[in-house]
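For reference, the structure is listed below as structure tokens.
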Amino acid sequence: MRDARAALHRIRKPRALRPRLGSPFQLALLICSFALAAYAGVRLLDRDWLGVTVWIVGAALLHDLVLVPLYSAADRALLAAAGAMGQRARVGYVRVPAALSLLLLLVWFPLISGMTDARYRSATGVPADAFLPHWLLITAALFGGSAVLLAGSVLRERRTTERHRPSA
């Protein structure tokens, strides 16, 4: 009888259907982040709600209709080239720094391109001409770090294959 009740209990509450709410700390953090986002949204839309709304909709359309197809095509070309060389497992060494560099470019594009130099200077008192060299240095550091990690991975693979190679 006890086994039947246990089986019935498992049938009533399948593990996959139980809600996964997380710890109380996670819930509090989630509620605080929603409150902060709501506050920021109210403050942002307070002055120029039409301009902000147009900017958000335009950014979403630009991202979804232009940027996603572009970087998806670039990623497929990278995968095809790496697959043709038999190095598909090493695509991440290009993907990660490229994605981070492009994300920084996307976020800071007006300042990197110099489009808002006068406005930035009047608001902060600092010239915006340092953003392009800094972005280029960060991009070089990301790709350089990735190259170092790739070289370390290749060296480890060579040492492993040399150790396991049968001696004659």
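Key figures
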quantity	calculated
Meets criteria (aromatic (Phe, Trp, Tyr), open to solvent by less than 70 Å² (accessible area, probe 1.4 Å) and either touching a Leu at 6+ places or on another chain (Cβ under 7 Å) or not in a loop (DSSP other than H, G, I, E, B) (or both)) for Trp108	no
Residue that is open to solvent by less than 60 Å² (accessible area, probe 1.4 Å), more than 29 Å from Trp55 (Cβ to Cβ), modelled with pLDDT under 90 and assigned to a helix (DSSP H, G or I), where the choices are Leu78, Leu150	Leu78
Sole residue being more than 30 Å from Leu142 (Cα to Cα), of a type outside the set (Asp, Glu) and at pLDDT 90 or above, chosen from Leu62, Leu30, Leu70	Leu30
Filter result (under 19 Å from the mean Cα position of the chain (by Cα) and free of Cβ contacts under 8 Å to residues at least 40 places away in the same chain) within region 131-143	Trp135, Leu136, Ile138, Ala140, Ala141
Residue among Val54, Val42, Val96 that is within 23 Å of the chain's Cα centre (by Cα) and at pLDDT 85 or above	Val96
Region 25-75, subset among the charged types (D, E, K, R) and open to solvent by 50 Å² or more (accessible area, probe 1.4 Å), residue nearest to Leu103 (Cα to Cα)	Asp64
Condition met for Glu162 (within 21 Å of Val94 (Cα to Cα), open to solvent by 90 Å² or more (accessible area, probe 1.4 Å) and assigned to a helix (DSSP H, G or I))	no
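The values are calculated or read from the model by the stated rules, or taken from the named source; none is laboratory data. Here the structure is a predicted model, which is why all the values come from computation and not from measurement. We place every Cβ from the backbone using ideal geometry, glycine too, and count neighbours over all the protein chains shown. Just so you know, the surface numbers come from the protein's heavy atoms only, side chains and all, with ligands and any DNA or RNA stripped out. Shrake-Rupley method; radii C 1.70, N 1.55, O 1.52, S 1.80 Å.
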